[in-house]
Amino acid sequence: MDSINKRLIPSSKYIFIVLLISGVSCQNQPEVREKLNNKIPSFQHEIIDGRYQDNPWAKIAADLDQDGKTDIIIGGQKGPLTWYRNPDWKGFVINEGGYQTVDGEAGDIDGDGDPDVVMGGLIWYENPGNLLEEPNSAWLAHQIIDHPTHDVELADIDQNGTLDIVTRNQSDFGTMKGNTIHIWYNEGEEPWREKILECEHGEGLRIYDLDGDMDIDIIGGGFWFENSENWPLHKIVEWHGSANVDIGDFNLDGKVDIVLTPSELSGQFYRISWFEQPMDLRNGQWVEHILVAKMECVVHGVATADFNHDGLMDIAYSEMHQGVDPDEVVVLINGEKGEAWNKIILSEKGSHSIQVALINADNTPDILGANWSGEHQPIEIWTTTQ
């Protein structure tokens with residue numbers, strides 16, 4: 001995106017915001033628009049753990065101690081798996097082991113009313129249930145299977161009342177394992193039943209009821225699987241194999257749209273776009289709206305939320321630190337139902353697999369992130385302020 005202007009916002013402690021005002025259309029080149037939505041949120045930066053040096057690959061947000069505040073869980077490549085208590089951000093170890101995955105999720109796997117933690121691998125850790133009184137309580141580990149993953153999602157896929165696990169590996173870095181998606185059905189007994197869906201090579205995974213039929217579908221970079229007996233595969237667009245994906249109704253037409261970013265590899269270039277769902281979901285053509293026409297393929301983080309409470313879904317994305325500097329963490333504020341956007345730069349030091357959650361208890365979406373390696377690995381949040 002070409003910028004119209006750039007200004008530094010006067011700040012107090014932890015507040016640093018650079019605004020780049022620009023517009024985007026659905027043409028091949030971004031179109032500048034002068035009159036955009038002027039309800040621009042501010043973000044307060046806070047470092048949760050500035051001494052983390054064990055490659056914080058997995059970032060998770062959940063209220064583990066059930067005190068009404070969202071806690072943060074970090075799973076490092078070298079370990080440990082740690083949860084940080086909101087709001088004092090004191091860390092407590094769940095497990096010492098390292099994790100060959102960049103993703104994890106929190107959800108009630110055993111149905112006892114508190115959130116457990118699932119890590120790619122596949123392993124889940126049972127919440128002891130008394131973390132409010134005893135935050136150092138031991139977590140019981142349950143190994144489902146030895147199954148390396150890149151992406152992890154949780155949902156009740158078969159609608160039997162229990163959370164199932166959906167995983168995908170990746171195809172870059174010589175792995176060549178991102179051509180299958182795995183559903184692990186939680187049926188209350190071991191081993192967990194596995195269903196394998198074949199797709200094109202790559203990475204990237206989201207789950208959502210895309211067709212509105214009250215069951216959870218599976219979305220990848222440029223395709224989706226319809227939840228039915230045979231799991232038919234539907235094409236959305238030809239896209240870069242390695243992708244981050246998220247969903248949101250960007251044009252307020254009542255249908256869920258999709259945003260895609262290129263997530264691997266440094267030195268390669270692609271684009272960032274959102275795709276407008278057609279009237280005929282299964283046979284219609286998705287309309288592409290280009291957000292960034294040329295981008296290094298290190299945007300390993302995308303998340304959607306209404307950051308300024310104007311009823312329009314906005315987009316946050318992050319470049320990994322190994323990209324050509326600066327490595328931006330960005331929020332795009334939706335100005336004209338997906339046709340024009342205000343760009344807010346939160347950082348130029350990069351981040352990986354950013355997550356959006358309600359962290360600071362003011363009912364506004366906040367952003368959690370950390371670089372996956374390198375010299376700058378603090379666990380950090382950007383909380384939205386109005």
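The values are calculated or read from the model by the stated rules, or taken from the named source; none is laboratory data. Owing to the predicted nature of the structure, the values given are computational and were not obtained by experimental measurement. Note: ideal-geometry Cβ built from the backbone for every residue, glycine included; neighbour counts use all protein chains shown. Heavy atoms of the whole protein, side chains included, go into the accessibility calculation; ligands, DNA and RNA do not. Shrake-Rupley method; radii C 1.70, N 1.55, O 1.52, S 1.80 Å.
Details
- For region 82-94, the count of residues that are acidic (D, E) and touching a Phe, Trp or Tyr at 6+ places or on another chain (Cβ under 9 Å) is zero.
- Scanning region 125-145 for residues that are open to solvent by 30 Å² or more (accessible area, probe 1.4 Å), assigned to a loop (DSSP other than H, G, I, E, B), under 15 Å from D110 (Cβ atoms) and aliphatic (A, V, I, L, M) turns up nothing.
- The set of residues from region 300-317 being within 20 Å of the chain's Cα centre (by Cα), open to solvent by 10 Å² or more (accessible area, probe 1.4 Å) and of a type in the set (D, E, K, R) comprises just one member, D306.
- If you go through region 277-299 and keep only what is open to solvent by less than 30 Å² (accessible area, probe 1.4 Å) and in contact with a Phe, Trp or Tyr (Cβ under 8 Å, 6 or more places away or on another chain), you end up with Q277, P278, W286, H289, L291, M295, E296, C297, V299.
- When W184 is tested against (1) assigned to a strand (DSSP E or B); (2) open to solvent by less than 10 Å² (accessible area, probe 1.4 Å); (3) closer than 27 Å to I315 by Cα; (4) touching a His at 6+ places or on another chain (Cβ under 9 Å), just one condition goes unmet, and that condition is (3).
- Condition check for W274: closer than 20 Å to D151 by Cα, in contact with a Phe, Trp or Tyr (Cβ under 8 Å, 6 or more places away or on another chain) and either at pLDDT 95 or above or part of a loop (DSSP other than H, G, I, E, B) (or both): no
- As for region 349-357, it holds no residue that is among the aliphatic types (A, V, I, L, M), modelled with pLDDT of 95 or more, under 18 Å from S263 (Cα atoms) and in contact with a Lys or Arg (Cβ under 7 Å, 6 or more places away or on another chain).
- The set of residues from region 188-202 being at pLDDT 95 or above and open to solvent by less than 60 Å² (accessible area, probe 1.4 Å) comprises W192, L197, C199.
- Considering only residues in region 235-266 that are part of a loop (DSSP other than H, G, I, E, B), in contact with a strand residue (DSSP E or B) (Cβ under 9 Å, 6 or more places away or on another chain) and aliphatic (A, V, I, L, M), the one that is surrounded by the most Cβ atoms within 10 Å (Cβ to Cβ) turns out to be I236.
- Scanning region 146-161 for residues that are buried (at least 17 other Cβ atoms within 10 Å of the Cβ) and over 24 Å from G221 (Cβ atoms) returns a single hit, D158.
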